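Asks: Dumping the structure here so I can ask a few things about it.
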Amino acid sequence: QVRLVESGGGLVQAGGSLRLSCVASGRTFSNYAVGWFRQAPGKEREFVSAIRWNGGNTLYANSVKGRFTISRDNAKNTVSLQMNSLKPEDTAVYFCALGRSSSVQIARNEYIYWGQGTQVTVSL
């Protein structure tokens, strides 16, 4: 089993920044891609970003490209999501997830372990 724990969420004003972290335990974390997803109230969970097992490839949703940066430290079993220039529409619960393979994927069903999520709220 794998346990993923997100942290770093909170309340921030529009234009501000937050850094989310996802710490994994229980499995060889470094062999697999990791993704971030988010879910706003009344909406489907959507892809935000993903990073290949070695950090060599990253993927971003168009809505966050240029504002968010994903990174990983396999020695610490940690993946981070630096979020800058936050907008009210970024408000959601953010989840990290461990992929089935080493390659980045957008589809939710390509991720097999999920964290409990961390709330991000961006005010005007």
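Asks: Against the definition (touching a residue at least 24 places away in the same chain (Cβ under 8 Å), surrounded by 14 or more Cβ atoms within 10 Å (Cβ to Cβ), in a loop (DSSP other than H, G, I, E, B) and aliphatic (A, V, I, L, M)), how does LEU81 come out, yes or no?
Replies: Here the answer is no, as LEU81 does not meet what is asked.
Asks: Could I ask something else about it? Suppose we filter VAL64, VAL23 for residues that are part of a strand (DSSP E or B) and within 20 Å of SER7 (Cβ to Cβ); which single one remains?
Replies: Matching residue, one of VAL64, VAL23: VAL23.
Asks: Give the stretch 2-32 a look and list any residue that's modelled with pLDDT of 95 or more and closer than 11 Å to ALA97 by Cβ, or say none.
Replies: Hits for the stretch 2-32 are LEU4, GLU6, CYS22.
Asks: Give the residues of the stretch 29-57 that are open to solvent by less than 50 Å² (accessible area, probe 1.4 Å), of a type outside the set (Lys, Arg) and in a strand (DSSP E or B), sorted by residue number.
Replies: Let us first name the residues in the stretch 29-57 that are open to solvent by less than 50 Å² (accessible area, probe 1.4 Å), namely 29-30, 32-38, 40, 47-51, 55.
This time we only want the ones that are of a type outside the set (Lys, Arg), so: 29-30, 32-37, 40, 47-51, 55.
Of everything in the stretch 29-57, those that are open to solvent by less than 50 Å² (accessible area, probe 1.4 Å), of a type outside the set (Lys, Arg) and in a strand (DSSP E or B) turn out to be VAL34, GLY35, TRP36, PHE37, PHE47, VAL48, SER49, ALA50, ILE51.
Asks: Inspect all residues belonging to the stretch 14-28 and state whether any of them is within 12 Å of ASP90 (Cα to Cα), exposed (fewer than 13 other Cβ atoms within 10 Å of the Cβ) and touching a residue at least 40 places away in the same chain (Cβ under 8 Å).
Replies: Looking through the stretch 14-28, at least one residue is within 12 Å of ASP90 (Cα to Cα), exposed (fewer than 13 other Cβ atoms within 10 Å of the Cβ) and touching a residue at least 40 places away in the same chain (Cβ under 8 Å).
Asks: Please go through the stretch 67-78 and give me each residue that is part of a loop (DSSP other than H, G, I, E, B) and more than 15 Å from SER30 (Cβ to Cβ), ordered by number.
Replies: Hit for the stretch 67-78 is ARG67, nothing else.
Asks: Out of SER101, SER25, SER71, SER85, report the one residue that is in contact with a helix residue (DSSP H, G or I) (Cβ under 8 Å, 6 or more places away or on another chain) and more than 17 Å from GLN119 (Cβ to Cβ).
Replies: Step by step, each of SER101, SER25, SER71, SER85 is checked, and only SER101 is in contact with a helix residue (DSSP H, G or I) (Cβ under 8 Å, 6 or more places away or on another chain) and more than 17 Å from GLN119 (Cβ to Cβ).
Asks: Here's a follow-up. Residues being assigned to a loop (DSSP other than H, G, I, E, B), in contact (Cβ under 8 Å) with a residue 60 or more places away in the chain and within 14 Å of GLY8 (Cα to Cα): count how many of those fall in the stretch 87-124.
Replies: Within the stretch 87-124, residues that are assigned to a loop (DSSP other than H, G, I, E, B), in contact (Cβ under 8 Å) with a residue 60 or more places away in the chain and within 14 Å of GLY8 (Cα to Cα) number 3.
Asks: In the stretch 3-13, what count of residues is obtained for those that are buried (at least 16 other Cβ atoms within 10 Å of the Cβ) and either of a type in the set (S, T, N, Q) or touching a helix residue (DSSP H, G or I) at 6+ places or on another chain (Cβ under 8 Å) (or both)?
Replies: The qualifying residues number 0.
Asks: Residue by residue through the stretch 89-120, note down the ones that are open to solvent by 50 Å² or more (accessible area, probe 1.4 Å) and within 15 Å of LEU18 (Cβ to Cβ).
Replies: Of everything in the stretch 89-120, those that are open to solvent by 50 Å² or more (accessible area, probe 1.4 Å) and within 15 Å of LEU18 (Cβ to Cβ) turn out to be GLU89, GLN119.
The values are calculated or read from the model by the stated rules, or taken from the named source; none is laboratory data. The structure displayed is predicted, hence computed values, not measured ones. So basically every Cβ, Gly included, is an ideal-geometry build from the backbone, and we count neighbours across all protein chains shown. The protein model used for the area step is the full one, side chains on, heavy atoms only, and it has no ligands, DNA or RNA in it. Shrake-Rupley method; radii C 1.70, N 1.55, O 1.52, S 1.80 Å.
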